[in-house]
1. Please find, among 160, 131, the residue that is within 28 Å of residue 277 (Cβ to Cβ) and at pLDDT 90 or above.
2. So, in the stretch 273-282, exactly how many residues are in a loop (DSSP other than H, G, I, E, B) and either at pLDDT below 95 or closer than 17 Å to residue 250 by Cβ (or both)?
3. Among the numbered conditions (1) modelled with pLDDT of 95 or more; (2) closer than 19 Å to residue 171 by Cβ, tell me where residue 201 comes up short.
4. Looking at (1) touching a strand residue (DSSP E or B) at 6+ places or on another chain (Cβ under 6 Å); (2) surrounded by fewer than 14 Cβ atoms within 10 Å (Cβ to Cβ); (3) within 30 Å of residue 389 (Cβ to Cβ); (4) not assigned by TED's automatic domain parsing to the domain that holds residue 246, which one does residue 115 not meet, given that it meets all the others?
5. Among the listed residues 381, 375, identify the single one that is modelled with pLDDT of 75 or more, surrounded by fewer than 14 Cβ atoms within 10 Å (Cβ to Cβ) and over 27 Å from residue 77 (Cα atoms).
6. Just to verify a result, which residue in the stretch 97-122, among those that are modelled with pLDDT under 90 and farther than 13 Å from residue 69 by Cβ, is farthest from the chain's Cα centre (by Cα)?
7. Would you check which residues across the stretch 42-62 are buried (at least 20 other Cβ atoms within 10 Å of the Cβ) and under 20 Å from the mean Cα position of the chain (by Cα) and list them?
C-alpha cells in the first residue's frame, strides 16, 4: 500500500513537472515572438512593437506631416499592403487594414502630423493606425456606416451596394495606377469581371483576388480620354456586419500623355486637372443616403499642402524622376532587404532632380549583367507587348518576378518598378522613343 502511494505521488510529481514545462515553453514562445515597424519616417530602422499577451503589438510614434511608407515584420517575415492609409479615424475602422504575408509591398501613409499608434494583431494580420486624440469608431447600432471621400452612407447587413469612381481629366493620360482599400470583414466584394469593373480603360490589369484591396494598372500609348467625365471604376459589395468602416481610394500614379507632367506620383497629387468622384448606391433601398458635399479628388492627400518637399502644383513633374522624399508604394521588395544597420539616404544631383537612393528596400538594379535585353521580362529573346503586360500583372500581384525579371522590368533604369516601365516599353515598340 505504501509502495502504491509512493508511486502515485511520484506520478503526480511527473505530471506537474510536464505541465509546468509545457506552460514555460508556451510562455517562451509568446516572449520570443517579435513584431517590428520599419518606415521612411525613421530611416527604415527596425522599431520594436510591444505586447503584453504575445498577440496584440503596439507602438506609438511621433510623425511630422508628410507622405511616408512603412512595412511590418513579424518574426522576420514582411507583411505588406499595396494601398494607402490616411490618418483620419473614419479610415481606420475597428479592425484596421489587412496585411498580407505574401505581399512585400510597402504601405503608403499620408500623415497630417502628430502622435500615431500602430496596433498589429498577429492572429488576424490586421493593422490599426490611430492618431492621438481621435475618437475610435464603435460597432453600436444595427447598421453599417461607410465613409468614403468625405461622405457617409448607412446600410443594413445583407444590403447590396454599388461603388463607383468617375473621372474627369483636362488632358488625355497614358497610364494610371490605383488601389482601393476596404475592410473585408465588413464588406464582401462580389465577383466582378475586368470589363465590368473598368469599362472605359484599355490595356488594364485588374486584381480583386486580394482580400481588402482592389488594384488597377492601365497603360496605353494611345491614351485614355476622360475629358468628358466618365466611369473609371465600378464594384459590387454586400454588407456583412454592422458598425463602421471605410473605402479608401488612392491614385498612386497618373501621367499626362506626351508630356512630362504627372497628376499623381507615388500617391501624392502633383498637379490639378484630374478629379475623381466617388459614390455608393444602395441597391436594396430606393435612394442613397449619402449627403452631397463639395467635389474633391478622392485621393488628394491631406498632407500635400504641408509637405515642404513638394514642388508647386503648377510645376510639371517628370514622371521618370523619383521624388527625393518618396519611396515607390508599389515596388516589390524582398522580405529580408530592410535592415536597421542600413538607414536610407539619398543624394539629388543634376537639374532634372535625378535621385540616387540607398534605401535598403530598393532593388537598385537596371538589368545589367543579364543575358537578356532590358525589358524582356518573359525572357523569350525579344521585346514585345507581352513584356509590358507581364509588368502590369506583376504590379497587380497576379504573377511573381524573380530577381532577374525585376531588374529587366526596370525599363526606365531608375531603380524602380512601376507602371511607367510598362508604358515606356509600349512607347519603344511604337517608335515613340
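The values are calculated or read from the model by the stated rules, or taken from the named source; none is laboratory data. Everything numeric in this text was worked out from a predicted model, so none of it was measured. Note that we place each Cβ from the backbone using ideal geometry, even for glycine, and neighbour counts take in every protein chain shown.
1. 160
2. Within the stretch 273-282, residues that are in a loop (DSSP other than H, G, I, E, B) and either at pLDDT below 95 or closer than 17 Å to residue 250 by Cβ (or both) number 0.
3. Failing condition for residue 201: (1).
4. Failing condition for residue 115: (3).
5. Only one candidate qualifies: 381.
6. It comes out as 112.
7. If the condition is that a residue be buried (at least 20 other Cβ atoms within 10 Å of the Cβ) and under 20 Å from the mean Cα position of the chain (by Cα), then 44 is the only one that fits.
To keep it simple, each residue is scored yes or no on (1) assigned by TED's automatic domain parsing to the domain that holds residue 253; (2) surrounded by 24 or more Cβ atoms within 10 Å (Cβ to Cβ); (3) assigned to a strand (DSSP E or B).
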{"residue": "188", "(1), (2), (3)": "yes, no, yes"}
{"residue": "195", "(1), (2), (3)": "yes, no, no"}
{"residue": "217", "(1), (2), (3)": "yes, yes, yes"}
{"residue": "221", "(1), (2), (3)": "yes, no, yes"}
